[in-house]
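The values are calculated or read from the model by the stated rules, or taken from the named source; none is laboratory data. Not measured: the values here are computed from a predicted model. Don't worry about glycine lacking a Cβ; one is built from the backbone with ideal geometry, like all the others, and counts go over all protein chains shown. For the accessible areas, the whole protein counts, side chains as well, though only heavy atoms, and no ligand, DNA or RNA atoms are used. Shrake-Rupley method; radii C 1.70, N 1.55, O 1.52, S 1.80 Å.
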Amino acid sequence: MRIGILGTGTLAGALGEGWLRAGHEVAVAGRSPDKARLLAERLGGGARAVAPREAVADRDAVLLAVTWQGAEDMLRGAGAADGALAGTALIDPTNAVEHGVGVLTTGPGEAMAQRLARQSPGAHVVKAFHLFPADQWTSPRAAGEPPVTVAMCGDDAEALRVVGQLVRDVGGAPAVLGPLDRARQLEEVAGFVIGLAFGGADPNSAIPRVPSVAA
């Protein structure tokens, strides 16, 4: 696939590394051209540093790997409002939560993913990759350890298929929770995990183990 990455931080680097290893083509853009160039050089494998508008042009998927505070500016710079992402799977891993507390900063009943979809007419937004730290995708899995589940929401079946394959390519197991109007639920889960973790509790211990359901 041809993948665009908007952002130059740790998640951009981790997923970019995994997707290059899987044989995909990766183009990187950021607010700083120098940081984009340095990330592309570090990734190697033919990764290219480009301008934001080029990073989203003719791509099978675009990863919006920036903080939630910078997400809207990045999309504007990429021409999202003009339809530059129309028909493209736009992966939203942002967590619009109050740091250290986990309370969502979006309005009542509003998901950040839905807000970004409104600002990207025609884009097929998929909420994914928002629950695990970047090093999840660069650390080798122990022998016999099952893959982590990447919960996703989205309205377009083809975009969900594309993102699901990209999840598998970095060692995860995709699970579709439902359409994009359930993205708020996924974002609340991130707030729950963050709030417990900063409060000194292990979020894993707060989730009951349930028997596996055979397909």
Query raised in the report: Working from the pairwise distances between different alpha carbons, so that the mean of 1/r is found and then inverted, what is the range 75-151's Kirkwood radius in Å?
Result: 14.5 Å
Requested in this report: Between beta-carbons, use under 11 Å as the cut-off and find the net charge around residue 113, counting Lys and Arg +1, Asp and Glu -1.
Outcome: 0
**Report entry** As computed over the range 28-87, the Cα convex hull volume per residue (Å³)
**Finding:** 82 Å³
Query raised in the report: Can you pull out the GluC sites (Glu not before Pro) in the range 97-189 that DSSP calls coil and that have at most 13 other Cβ atoms within 10 Å?
Result: 98
Requested in this report: Using only Cα atoms, tell me the angle between helix 33-43 and the longest principal axis of the chain; keep it within 0 to 90° and round to the nearest 10.
Outcome: 70 degrees
Query raised in the report: Residue separation times 0.36 nm, minus the C-alpha to C-alpha distance between residue 1 and residue 177: what's the value?
Result: 60.9 nm
**Report entry** Kirkwood hydrodynamic radius of the range 59-113, Cα pairs, Å
**Finding:** 12.3 Å
Query raised in the report: With axes computed from alpha carbons, what is the tilt in degrees of helix 157-169 against the longest principal axis of the chain, rounded to the nearest 10 within 0 to 90?
Result: 80 degrees
Query - Three-way shape label, the range 98-215, alpha-carbon gyration tensor, a/c 1.5 - result: oblate
Requested in this report: Calculate how steeply helix 183-198 sits against the longest principal axis of the alpha-carbon atoms of the chain, using the helix alpha-carbon long axis, and give the answer as 0 to 90 degrees to the nearest 10.
Outcome: 70 degrees
Query raised in the report: Rounded to the nearest 20 Debye, what is the dipole magnitude of the chain about its Cα centre when Lys and Arg each give +1 and Asp and Glu each give -1 at the C-beta?
Result: 240 debye
Query raised in the report: Tell me, what ³J(HN,Hα) does each residue in the range 103-112 have, in order and in whole Hz, if you take phi through Karplus 6.51 cos²θ - 1.76 cosθ + 1.60 with θ = phi - 60° and put x for Gly and Pro?
Result: 7, 5, 9, 6, x, x, x, 9, 9, 4
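In the chain, carbon and sulfur make up what percent of the accessible area (probe 1.4 Å)?
Numbers: 5580 of 10440 Å².
Ligands and nucleic acids excluded, carbon and sulfur give 53 percent.
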Query raised in the report: Based solely on its DSSP helices, what 222 nm [θ] is calculated for the chain when runs of n ≥ 4 H residues each add -39,500 (n - 2.57) and the sum is averaged over all residues, nearest 500 deg cm²/dmol?
Result: -10500 deg cm²/dmol
**Report entry** Mean Cα-pair separation over length for the chain, i.e. relative contact order, pairs under 8 Å, 6 or more apart, %
**Finding:** 18 percent
Query raised in the report: How big is D for the chain, in µm² s⁻¹ as a whole number, if Stokes-Einstein is applied with the Kirkwood radius of its Cα pairs at 20 °C and 1.002 mPa s?
Result: 123 µm²/s
